[in-house]
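To start, the structure under review is shown below, and the notes come after it.
The values are calculated or read from the model by the stated rules, or taken from the named source; none is laboratory data. What you see is a predicted model, and the numbers here were worked out from it, not measured in a lab. Here the Cβ is made from the backbone with ideal geometry for all residues, glycine too, and neighbour counts use every protein chain on show.
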Amino acid sequence: MTSQDPAPTVTGERPPAEPRLPQERRLVTEIPGPRSQELHKRRTAAVPPGVGSVLPVYVTDADGGVVVDADGNSLIDFGSGIAVTNVGNANPRVAARVKAQADRFTHTCFMVAPYESYVAVCENLNRITPGDHEKRSFLVNSGAEAVENGVKIARYATGRQAVVVFDHGYHGRTLLTMTLTAKNLPYKHGFGPYAPEVYRMPLAYPYRWPTGPENCGPEAAAQAIDQIGKQIGATNVAALVIEPIQGEGGFIEPAPGFLPALAEFCRANGILFIADEVQTGFARTGDMFACEHEGVVPDIVATAKGIAGGLPLAAVTGRADIMDKVHGGGLGGTYGGNPLACEAALAVLEEIEEGKLTERARRIGEIMLPRLRVLAENRPEIGDVRGRGAMIAIELVRPGTKEPDPELTARIARRCHEQGLLVLTAGTYGNVLRFLPPLVIPEGLLTEGLDLLEAAFTG
């Protein structure tokens, strides 16, 4: 399929391509090995320490559910580049379309001389994002840029200034999105002053809700709505920005009813509901977008990460009547919708739809969640198991309490890394292990990764 073809539709399940690399864990050196350690010395002389890395192995190849480092070690991938390589790293369809586009042209700037693949990506986003209303989309480079543009559009369209965000939220590292983000270290510390007119409300965090998870959704929604009315005034609010499942905040899935109640409040008060689907989008949670789980239809959706299989691309999709209000030239950017990234995105959408990767994400959850719940029954350090689809987490606490245990979390992650399992940490308190395997990971490799995780708890 070329970018001149119509927008793709579901054509039935297609068997996945045969993996290019052996789908196996293989350790030939310690982790990190000597070659990675050598490269790390070069890195420390060239790159500032503010740019961190979860695991200092230097990758030379990746495919399916494995990443291979410079020493020849093959590690099981439970990170997907932070929910980016949903369709697998170097996916053959993605790679082929990018290569073909690179042979034609690499950049013209869509705002100077446009091209069809940009339009095709936007047509697809208008089709697949929640709601059957008329939509418009435009393309940018990163999730932070998408969220920031969503807020910009909301302020322009409503004539209001205030923006509501939530505890534990993460939205990016630009000035505005740092302001929207809840966590101080490492994201905000020392980088102020921050943008004005941003107000933070309580989140429906079931595990930590004072009156219990069964009361969390309605009580948290009522508190947030009450505080908006008292502290800001609903008629001053341009937008409410929320992740349908929080990412860096610890994969917190808001209690049932919370998101629908907020969406209804927004509709009743002329507030635009912006769903930050940067980490949750593109089949990751078992739905194409996480807000579909409770039937929430946002006014604006910000997407990135899994959209283009690893190439830098992000998007803002919104109601046509909102998006069309912005004056000509008010939106855009030099690299937004680069033609290589657009071709990658078209290939990713084909892979998701033809390969039925939303179903695959649900299958991953069906394998992981029961295993982790059994582990939690035997390990009092695991306070909570949560998530949907292939976006799963465990929260670690000191036994007999809900006191976060970030030190144990770091130790477990390190043990996993040493045994060839790439896992990520997260959470406001640094006490969450999060799991984001590629949606194409073989089930045997997924099960082996869970075995390694269990072994890491016995030390």
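For the stretch 243-261, the criterion of a residue being out of contact with any Pro (no Cβ under 9 Å at 6 or more places or on another chain), buried (at least 24 other Cβ atoms within 10 Å of the Cβ), within 22 Å of Asp384 (Cβ to Cβ) and of a type in the set (A, V, I, L, M, F, W, C) is satisfied by at least one position. On the basis of being buried (at least 17 other Cβ atoms within 10 Å of the Cβ) and assigned to a loop (DSSP other than H, G, I, E, B), does Gly169 make the cut? So Gly169 passes the test.
Just one of (1) at pLDDT 95 or above; (2) surrounded by 15 or more Cβ atoms within 10 Å (Cβ to Cβ); (3) of a type outside the set (Val, Ile, Thr); (4) outside any helix (DSSP H, G or I) fails for Pro210. It is (2).
Just one of Ala100, Ala70 is over 22 Å from the mean Cα position of the chain (by Cα) and farther than 21 Å from Cys416 by Cβ; which is it? Steps first, answer last, please.
Details: Ala70 fails: farther than 21 Å from Cys416 by Cβ.
One residue alone meets the criteria, Ala100.
So which of Gln23, Gln37 ends up being at pLDDT 95 or above and touching a Leu at 6+ places or on another chain (Cβ under 7 Å)?
Values: Gln37 fails: touching a Leu at 6+ places or on another chain (Cβ under 7 Å).
Of Gln23, Gln37, the one residue that is at pLDDT 95 or above and touching a Leu at 6+ places or on another chain (Cβ under 7 Å) is Gln23.
Going by the structure shown, is Asp5 surrounded by 10 or more Cβ atoms within 10 Å (Cβ to Cβ) and at pLDDT below 95? When the stated conditions are applied, Asp5 passes them. The set of residues in the stretch 62-93 that are in a loop (DSSP other than H, G, I, E, B) and either polar (S, T, N, Q) or touching a Phe, Trp or Tyr at 6+ places or on another chain (Cβ under 7 Å) (or both) comprises Ala70, Asn73, Phe78, Thr85, Asn86, Asn89, Asn91.
Answer with yes or no whether Glu214 is free of Cβ contacts under 8 Å to residues at least 40 places away in the same chain and closer than 26 Å to Ala146 by Cα. Even if it seems obvious, please write down each step before you answer.
Numbers: free of Cβ contacts under 8 Å to residues at least 40 places away in the same chain: yes; closer than 26 Å to Ala146 by Cα: no.
Criteria not met by Glu214.
Looking across the stretch 314-343, the residues that are among the hydrophobic types (A, V, I, L, M, F, W, C) and closer than 15 Å to Cys109 by Cβ come down to Leu331, Leu340, Ala341, Cys342.
Would you confirm whether any residue within the stretch 301-313 is at positive phi, of a type outside the set (A, V, I, L, M, F, W, C) and part of a helix (DSSP H, G or I)? For the stretch 301-313, residues at positive phi, of a type outside the set (A, V, I, L, M, F, W, C) and part of a helix (DSSP H, G or I): present. Within the option set Leu185, Leu203, being modelled with pLDDT of 95 or more and not assigned by TED's automatic domain parsing to the domain that holds Gly430 holds for one residue only, Leu203. Screening Gly150 against (1) under 12 Å from Ala302 (Cβ atoms); (2) modelled with pLDDT under 95 leaves a single unmet condition, (2).
What do you reckon, is Val119 assigned to a helix (DSSP H, G or I), surrounded by 19 or more Cβ atoms within 10 Å (Cβ to Cβ) and hydrophobic (A, V, I, L, M, F, W, C)? Considered against the rule, which asks whether it is assigned to a helix (DSSP H, G or I), surrounded by 19 or more Cβ atoms within 10 Å (Cβ to Cβ) and hydrophobic (A, V, I, L, M, F, W, C), Val119 comes out as no.
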